[in-house]
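Right, one structure below, let's go through it.
The values are calculated or read from the model by the stated rules, or taken from the named source; none is laboratory data. The structure presented is a predicted model; accordingly, all values stated were derived computationally and were not measured. When we count neighbours, we look across all protein chains shown, and the Cβ atoms used for this are built from the backbone with ideal geometry, even at glycine.
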Amino acid sequence: MAQDARHRLLGRQREQDHLDDLLRAVRDGRGRALVLRGDAGIGKTALLGHMAAQAGEMQVIRAGGVEAESDLAYSALQRLCDPLLPHLDELASAEREALSVAFGLSGGKAPEERLLETALLGLLTAAAADAPLVCLVDDAQWLDQPSRELLAAVGRRLDAAPVALVLAAERCDEGWSGLPELLVSGLADGDARALLDATPAAPLAPRVRDRMVAEAEGNPFALLDLAREVSPAELAFGFAGVAGGGAGGRPVTRVEAELARQLAELPADARTLLVLRAVEPTGDTELLKRAAHQLGISPDATELRHPLLRRVVWRETDAATLRAVHRALADATDATDATDATDADGAADRRAWHLAQAAVGADERAAAALQRSAYRALGAGGHSAATSVSRPIAAVFLERAVALTPDPADRTRRALAAGRALLDAGVPARVPDLLDVAELGPMDLAQQADAARLRAQASYILHPGADAVEPLVAATKQLAALDPAAARETHLAALGAGIWAGRLDTGELRRIAKAAADLPAGDELAGILLRAFAAWATDGFDDAVPLLRQALHAFSDDDVPGLLWFAINAAVVLGDVAMWLDISERAARFADATGQLSVLPTALTNRTVALGHSGRFSEAWQVLVEAEKADELTGQTSHIVAAVVLEAYRGREKTALELIEVLERDGRQRGLGRLIGAAEYARAVVYNGLGNYPLAMEAALRGIAYQNMSVHHWTLTELVEAAARSGAPAAAAQAREQLAAWSSAGTPWALGAHALADALVGASGDQADAEQTEARFRTAIEHFAGGALGAFEARTRLLFGEWLRRQNRRAQARAELRSAHEAFTAMGMEAFAERAGREQRATGETVRKRTVGAPVLTPQENQIARLAVAGDSNAEIGAQLFLSPRTVEWHLRKIFTKLGIASRRELADALPGDDAAEDGPGA
């Protein structure tokens, strides 16, 4: 077995240990049966998946009860035993005939139950002769009665056969008496909170998290359902949306359908009380009593409870009833009951929200109350004091206030404020609609310019590249006379859009850069960055260096929301990886603290790449998981760049090239030429790692055909190595000269890249100076080591070791190659590690294989992978995890990419395993 597949589910140690003991007994030839009982959504299916994954070399067959087929005799048993039918011929004729009739394979008189029982036990035993057999039956409460009774009877007679029979059911059946039972209860509160924290969603306020945990009663499905389906406002503070928003467009489960039926049968007062409980966000008992009194109903009108009840109530309640309940809650909410100012503010916010939800048409009173609450959440009318919890509330409050505002001028003002709040909260897709509303009312010049700026910024986030250039340039012109500082920041964004467009719109960047001279100069950070980037685009790297350094020294956390991408690129252009890591880490902390989620994808994606270049791949894979979550929250796809870089360094050719092609295709479709440059750089890394230098050189030459900011210098480094090793000294020398210009930045990365290029070009010359070449290699190693650039240090040691071996200096070569091999192995740079291993063996040294660093799968990805290993189809996995088959396929593609495989067949061996055996010495 390639692995010990111990996928530990949260809070299920006891159950997993019990199932593992059962499997051990069956491996020892002692059959076992078990009834796994628990409520719907409690995790029984996940436990069956764990059991299938743990079965290893054992045979696993699975089936599930289907309510619609519960009247078809032996239908479930036939589905379960279908893989075992080749063993029918091993049974006595009477037994074979009995099963054939029961399964509908032949006609005849219905067989006796005792004969069928013996026949089924014989079939399972015959199948288990090859390897122990594990039979897993889900939703066993829906088995047809003959199948249910027969399986129970056989389960009592398994002692002498290496067969496990596990029946997972919501309730026990009288016919199962005598079978061991394992009750699966709800998760403990700590595990439930951990499960919520692992789910991509807007930040949860502690009070709301506690309410969700209490309502779900430890039911994992209910927790995930709540976290995935509610709005950001409800997640942040417990506020639910408007009528009809509960279903989220997803299929209604059987449990929800049953709850809806029970709800419809309740008296009107009882249904209204349930609506009241569903709508009130805090669970305040006294408040609920007051609101029930307002509605004229008893606060004890019903005892119906279920973890999914809130969702069902929302979906099944008409708008008029919801408005009445909100009105009662607004009237019952009294800030004077609060114990302190914070509680009073919270009560005022809840009252404002309930008033807004109770309104029909325009309502200035409700709109004004929402605006006050929103500005309080943002910090006395500003944005700096907002938090990750309060910012989504402010955005939703302002958006709702716009819909309720009767006066056109007030509506315009609030729509602009709502647009800004949504942009900061990481929801740029809704900003254009709000700006359309704003522009229907009267707007002064400043508001027109603000609207243009917001529209351009939203467009830049959603579609950076050529499409964003003109809106940003137009906004710059509107802002120039009104707010020069804002005009410079907006023109800087236009320049950024031109950088993203890159080779797909080559004339734009220079035109935008030249136009920057028409704006009045400014000493604020945006002004410095604008001059720096314009100088880079028009005059070249040397003129930009002092301005880029000045900008980095001036950057502060207050600059994160608008200037993060530009500050990061200033660091990358200079080759200052320490500043790159520092800025990206500060930006991630800023996003967490303030709720400005729009900056999170940029921060995390860049931190991932910076960690990769530093050789900190274990951390990089973990941050990539967070970047994926941030992209899911904000609707972006920036993490794919980081994934491509990490995969290129890992060097699994097929997987890496497939992902690179996805990036390249995405760049062409979205007009982002910069992505194409990044794809060519990554392709060059892959081929250099594999030692395919001609293809690496071709990719690098395509990459530098257009000077992409940041990526250009990385690609030049790949080109020098590929060209020098391909016998193309002229191309290597030309790239070396461009890297010499970069070294004027004075950073360890730039200096190390230049020294390495000098060494490679010198080593490939006709009259190479061995002493000078060695000195250059050592200088490069020193610079990379001093700059904590672990990936480049290891690659340089590999190149140095290869050169030393060709110089017949084997002892020295071994030292460098051993160091490189160990570093590559620890980092997970598999192709480079293999290349270093080949070189080591060529020196006569034995190479020990070790497990390389691996990417981190999210809990959900881990569960999907285990179910896929167990043989479940996408539809079956989706049914168990309440996902669509298409979503399962999307997750599997990500899993394959992370694990460097291409199909399900490779999954079991791709998950982390033990160290491989030692290789012998090479030639």
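Within the range 735-768, the set of residues being at pLDDT 95 or above and either among the polar types (S, T, N, Q) or not assigned by TED's automatic domain parsing to the domain that holds residue 722 (or both) comprises just one member, 747.
Tell me, which residue of the range 359-373 that is modelled with pLDDT under 90 and more than 10 Å from residue 403 (Cβ to Cβ) is surrounded by the most Cβ atoms within 10 Å (Cβ to Cβ)?
373
Of all residues in the range 698-725, exactly one satisfies the criterion of being of a type in the set (Gly, Ala, Ser) and surrounded by fewer than 19 Cβ atoms within 10 Å (Cβ to Cβ), namely 705. Contact map, the range 504-524: residues that are among the charged types (D, E, K, R) paired with residues that are in a loop (DSSP other than H, G, I, E, B) and crowded, with 19+ Cβ neighbours inside 10 Å, Cβ distance under 8 Å, separation 6+ or inter-chain. Pairs shown: 505/465; 505/671. When the criteria are applied in full, residue 492 meets the requirement of being aliphatic (A, V, I, L, M) and buried (at least 24 other Cβ atoms within 10 Å of the Cβ).
Here's the yes/no breakdown for (1) under 36 Å from the mean Cα position of the chain (by Cα); (2) crowded, with 17+ Cβ neighbours inside 10 Å; (3) closer than 27 Å to residue 694 by Cβ:
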site: 741; (1), (2), (3): no, no, yes
site: 762; (1), (2), (3): no, yes, yes
site: 773; (1), (2), (3): no, yes, yes
site: 796; (1), (2), (3): yes, yes, yes
site: 816; (1), (2), (3): no, yes, yes
site: 826; (1), (2), (3): yes, yes, no
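The residue of the range 428-454 that is modelled with the highest pLDDT, among those that are of a type in the set (D, E, K, R) and crowded, with 23+ Cβ neighbours inside 10 Å, is 450. The residue pairs whose first member lies in the range 82-93 and is free of Cβ contacts under 8 Å to residues at least 12 places away in the same chain, whose second member is in a helix (DSSP H, G or I) and among the aliphatic types (A, V, I, L, M), and whose beta carbons are closer than 7 Å, counting only pairs six or more residues apart or on different chains, do not exist in this structure.
Of all residues in the range 199-212, which are modelled with pLDDT of 65 or more and of a type in the set (Gly, Ala, Ser)? Selection gives nothing. State whether one or more residues within the range 837-858 are at pLDDT 80 or above and within 23 Å of residue 616 (Cα to Cα). So far as the range 837-858 goes, yes, one or more of its residues are at pLDDT 80 or above and within 23 Å of residue 616 (Cα to Cα).
Please state which one of 136, 158, 123, 165 is part of a helix (DSSP H, G or I) and assigned by TED's automatic domain parsing to the domain that holds residue 55.
On the way: 136 fails: part of a helix (DSSP H, G or I); 158 fails: part of a helix (DSSP H, G or I); 165 fails: part of a helix (DSSP H, G or I).
Just a single option satisfies the conditions, and that option is 123.
Of all residues in the range 509-528, which are under 22 Å from residue 673 (Cα atoms) and under 34 Å from the mean Cα position of the chain (by Cα)? Result: 509, single match. Whether any residue in the range 608-627 is assigned to a loop (DSSP other than H, G, I, E, B) and not assigned by TED's automatic domain parsing to the domain that holds residue 589 is what I want to check. No, every residue in the range 608-627 fails to be assigned to a loop (DSSP other than H, G, I, E, B) and not assigned by TED's automatic domain parsing to the domain that holds residue 589. Among the residues of the range 100-117, is any modelled with pLDDT under 90, part of a loop (DSSP other than H, G, I, E, B) and of a type in the set (S, T, N, Q)? Yes, there is a match, as at least one residue in the range 100-117 is modelled with pLDDT under 90, part of a loop (DSSP other than H, G, I, E, B) and of a type in the set (S, T, N, Q). Criterion first (under 41 Å from the mean Cα position of the chain (by Cα), part of a loop (DSSP other than H, G, I, E, B) and among the basic types (Lys, Arg)) does residue 171 satisfy it? It is true that residue 171 is under 41 Å from the mean Cα position of the chain (by Cα), part of a loop (DSSP other than H, G, I, E, B) and among the basic types (Lys, Arg). Of all the listed residues (292, 194, 270), the sole one being at pLDDT 75 or above, touching a Ser or Thr at 6+ places or on another chain (Cβ under 6 Å), not assigned by TED's automatic domain parsing to the domain that holds residue 42 and not acidic (Asp, Glu) is 270. Taking into account only those residues within the range 664-686 that are among the small types (Gly, Ala, Ser) and farther than 13 Å from residue 609 by Cβ, which is farthest from the chain's Cα centre (by Cα)? Applying the filter and picking the extreme gives 684.
Selection of the range 9-40 for residues being in a loop (DSSP other than H, G, I, E, B) and more than 25 Å from residue 175 (Cβ to Cβ) yields 9, 10, 11, 12, 28, 29.
Being touching an Asp or Glu at 6+ places or on another chain (Cβ under 8 Å), surrounded by 21 or more Cβ atoms within 10 Å (Cβ to Cβ) and under 17 Å from residue 561 (Cβ atoms) is the filter here, so list the residues in the range 455-489 that pass it. Of everything in the range 455-489, those that are touching an Asp or Glu at 6+ places or on another chain (Cβ under 8 Å), surrounded by 21 or more Cβ atoms within 10 Å (Cβ to Cβ) and under 17 Å from residue 561 (Cβ atoms) turn out to be 459, 488.
Tell me whether the range 267-285 contains one or more residues that are without any contact (Cβ under 8 Å) to a residue 12 or more places away in the chain and of a type in the set (Gly, Ala, Ser). Taking every residue of the range 267-285 in turn, at least one turns out to be without any contact (Cβ under 8 Å) to a residue 12 or more places away in the chain and of a type in the set (Gly, Ala, Ser). Would you check which residues across the range 592-607 are part of a helix (DSSP H, G or I), over 15 Å from the mean Cα position of the chain (by Cα) and either small (Gly, Ala, Ser) or at pLDDT below 85 (or both) and list them? Answer for the range 592-607, where residues must be part of a helix (DSSP H, G or I), over 15 Å from the mean Cα position of the chain (by Cα) and either small (Gly, Ala, Ser) or at pLDDT below 85 (or both): 592, 593, 594, 598.
Scanning the range 138-163 for residues that are at pLDDT 90 or above and out of contact with any helix residue (DSSP H, G or I) (no Cβ under 9 Å at 6 or more places or on another chain) yields a single hit, 156.
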